[in-house]
Structures are given as C-alpha cells and as structure tokens.
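Read the figures in this text as sums done on the coordinates, not as results from a lab. As the structure is a computational prediction, the values presented were derived from the model and not from experiment. Because the Cβ atoms are built from the backbone with ideal geometry, glycine has one as well, and the counts that use them run over all protein chains shown.
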Amino acid sequence: MKVVIPQNKLKEGLKIIERIAQKSLTLPILGSVLVKAKENFLNLKTTDLEIGINWWGLAKIEEEGEIAVPVKIFSDLVSFLPNKPLTLISRKNILAIECGNYRSQIKGQGPEEFPIIPEIKGGEDFSVKAIPFCQALTRVSDIPASSLARPGISGIYFSFEKNLLKMVATDSFRLGEKKFSLENFSKKISFILPQKAARELINIFGEIPGEIKVIFSPNQILFESLIQEIAHPRIHFTSKLIGAEYPDYQEIIPKKFKTQILLRKDEFLNQIRMASLFSGKINEIKLNMDPQEKKVEVMSQNPELGEYKSQFPGKIKGEKVEVSFNHKFLSDGVLKIESPKLVFELNGDTGPGILRPLEDQTYLYVVMPIKPS
C-alpha cells in the first residue's frame, strides 16, 4: 500500500473513528484501525463488535493495500505532524509514515485479523438533516440506565407513526420524550438504539451539515453521510439494536394534573442548584407551591451542613402541594428545556411530575417524586 493524503484530512478521519476502538485482553485487534487504500479513497475502519465506523477520504492511491495498526499511537502521531501531504506505506505488517522531514514506523497486523462489520441487507430507510436530528436525540440520550433485568430501558426507544418519530428514554425514575417530524415515512415501526451508539452518533454527526440516510433491519442500523461532490459514502456508522420489548411508557405519563406552575427556567434552575448544596444522602429537595401566595418555596436540609430555604414568584393554578424530588433528576429535566419559560405539572406528593417548554409541544420530561417517609 502507498497513499498520499493531506495531514488535516487524515486527522479528521482518525478523530471520527478512534472513539470506539478499545483495549481488549481477549481480542487486542479491537484497539486497532484497519487502514485500506482502494481506488481513489483511503478507508479507515474501527469496531467494538457492537458498533462499527467506516470513514472514507479522497487520496492519491499509488498502490492499493490494507493493514491494521494501533489506533491511539497512529492518531496521536498524525495529530503532531505538520499540515502537509502525508505518505503512508505498508510492507510486511509495518506502516511507514512520511511527512516532510518526519519518518515513523508503526508495527501492525494483517487485515485478516480484523473483525468483519456486518452489512445491512434490505430493511427500512429514511433521510433526515443531521444537525436537527442529533439535537433532538440529545434531549433524551443521557437518561437510560444499564439494566440486565430490563435490557429495553438501556437504550433509546424509536417509535415511528404517520411521519412522526418519537424518541423515548427512561431509567425508571424519570422519562423523556422528544417528537421529531419526518417526511415520507408513515410506517408504524419501532426499535431500541443502545445508549452508547446514541452518544457516538451525536458526537460524529452533530456538527455535520446536510442529510444522513438511516437504514435499519430488525437487529441492526446504519447511519450514512456522503461526500456531496461525488455522492460517495463519507461515514458509515453501524450499530446493533437491542432485541427487547420496551415498556408501555404512555401509562407513566399523566393525562391530568392537580397543580400547574409557570416558571422562568433560569430562576428555577438556580434555586434547585442552591438547594442542592444542603441536600442529604438521597439528594432530596422540597418544593412548596401555594396558589394563593403565588410563590414557590424551595427547601433542603442536611444535619451535618445546615439548611436552605428560599421563595420565588410563580404563576400557580390548582391545589396547594408540598413535594420532594431528587435535585439531580429535577435539574437535568430543567436543563433539557430550551425555552426561557417552562410549565411544571404536579399530581400531589406521590404522583409523577411533568416538565414542558411553555410553547413547545414536542418535548416532555417526567420525573418521579421522593415519596414521603
């Protein structure tokens, strides 16, 4: 193999694919990147056996070939080299790197040792603009919790119906739902994307302009972006799907409420954070809402540190209520609200609460209270 490629282009490709490569005592090759030169492209490939990433970059291919090399040292070395044309030459499981006056060699392995990343054959597909899609996914991607007993809640639930995609995540203590409009996809279908895949998807495609194509089968999904000038794949991101049933989350979302409060996001978040400084081992803070007083009282107490108590104005409708929440779960929900004002709907001191943006019907966050002892 002999390839000439700009340093900044190779650096870009390595940054995209290196994140999922990992050290493994049982399968050391997982810490490597497969470097392949073919036709007019340099192809970089990594996998952790659950996720696979392919990246292609235009390059001058003087001799085709492929080699697997440790991704960390390869990426670190390339990042230190000057932004000049860089030559890669492989001979007998050695990758030589030349750039100006710099010369290095990295010991590698034959390509036959590298795991095969399965290709999706057939399945459903749709296209979306990458940045808005990833922004929507960000609203729920941090919520799932790893669970061997309930593997379904370890990922993000994608539910399609009538040109609408619902992204849902829960850890049993809270739940987020984000609605995302689609064009020309009206099939009723669903799948569960692992949380790690969702996070890597956001990291890779979250700042890439243009569209990504999504293709999925019952057990696997592919996200593809193209080199627009020549309509050739630029990135293929492949992940296994979680083969489990997702709980009927609609039952968790209250259809009615007893108390409703209109709050300024920044003020409410600041009050939660200050109260959290004095919360105890279970991260408890108390909220006291009184419609007649038109004020929200925030309280917390820690026998070792002291206590916090504050009031701030809020438009309150319905019943008076005093309820406790885990401050972390509550502040996480408030942070996901993108509008300056939010609506907080409550159902007594034991029922779930709902946080919503004031003028956005596409997002909601359900949080369970800490039951009175």
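Given a Förster distance of 30 Å, report the FRET efficiency between Glu124 and Lys341 from their Cβ-Cβ distance, rounded to the nearest 0.05. Once the sixth-power term is evaluated, E becomes 0.20.
Taking Cα atoms, how many degrees apart are the long axis of helix 327-336 and the longest axis of the chain, rounded to 10 and kept between 0 and 90? So the inclination is approximately 70 degrees.
Where the centroid of each part is defined by its Cα atoms, how far is segment 112-151 from segment 272-323 in Å? Here the answer is 38 Å between Cα centres.
For segment 46-104, the Kirkwood estimate of the hydrodynamic radius, built from every pair of different alpha carbons, is 13.2 Å.
Of all aspartates and glutamates in the structure, those lying under 16 Å Cα to Cα from Lys162, and not within fewer than 8 positions of it along the same chain, are Glu124, Asp125, Glu183. Between Leu358 and Ile282, the C-beta separation translates, for a Förster distance of 45 Å, into a calculated FRET efficiency of about 0.90. Site pair Asn40 and Arg199 shows an inter-label distance of 3.8 nm when each label is modelled 7 Å from Cα along Cα→Cβ. Straight Cα distances below 18 angstrom link Lys36 to the aspartates and glutamates Glu12, Glu18, Glu62, Glu63, Glu64, Glu66, Glu98, Glu112, Glu113, Glu119, with same-chain residues fewer than 8 positions distant left out. Compute log10 of I(q)/I(0) for segment 124-250 with the Debye formula, placing one identical point scatterer on every Cα and leaving out solvent, at q = 0.13, 0.22 Å⁻¹, to two decimals. With one equal scatterer per Cα and no solvent, log10 I(q)/I(0) is -0.49, -1.43. Helix 7-17 and the longest principal axis of the C-alpha atoms of the chain enclose an angle of approximately 50°. Under 19 Å of direct C-alpha separation, and excluding same-chain neighbours fewer than eight residues apart, Lys84 reaches these lysines: Lys2, Lys9, Lys11, Lys15, Lys60. Specify the residue with the greatest mean-square fluctuation among Lys36, Lys187, Lys255, computed from a Gaussian network of the chain linking alpha-carbon atoms under 10 Å apart. Of Lys36, Lys187, Lys255, the most mobile in the Gaussian network model is Lys255.
A Gaussian network model of the chain, with springs between Cα atoms under 10 Å, assigns the largest mean-square fluctuation among Ile272, Ile189, Ile230 to Ile230. Note on Glu307 and Lys255: with the Förster distance fixed at 25 Å, the Cβ-Cβ geometry gives a FRET efficiency of about 0.10.
If Lys and Arg each add +1 and Asp and Glu each add -1, what is the summed charge of the other residues whose beta carbon sits under 12 Å from the beta carbon of Gly280? Walk me through the numbers before you get to the answer.
Working: positive: Lys281, Lys286; negative: Glu284, Glu304, Glu307.
With Lys, Arg at +1 and Asp, Glu at -1, the neighbours total -1.
P(r) tail, the chain: Cα-Cα pairs separated by more than 29 Å, 53% of all pairs. For the pair Glu267 and Ser186 in one chain, pulling the backbone fully straight at 0.36 nm per residue adds 25.1 nm over the alpha carbon distance. Taking every Cα-Cα distance in segment 253-367 and sorting them into 5 Å bins from zero, the calculated P(r) comes out as 2, 13, 23, 26, 21, 10, 3, 1, 0 percent.
Taking Ile156, Ile261, Ile53 in turn, the Gaussian network model of the chain (Cα-Cα springs below 10 Å) assigns the largest fluctuation to Ile261.
For the chain, the longest principal axis of the alpha carbon atoms and the long axis of helix 195-205 meet at an angle near 60°.
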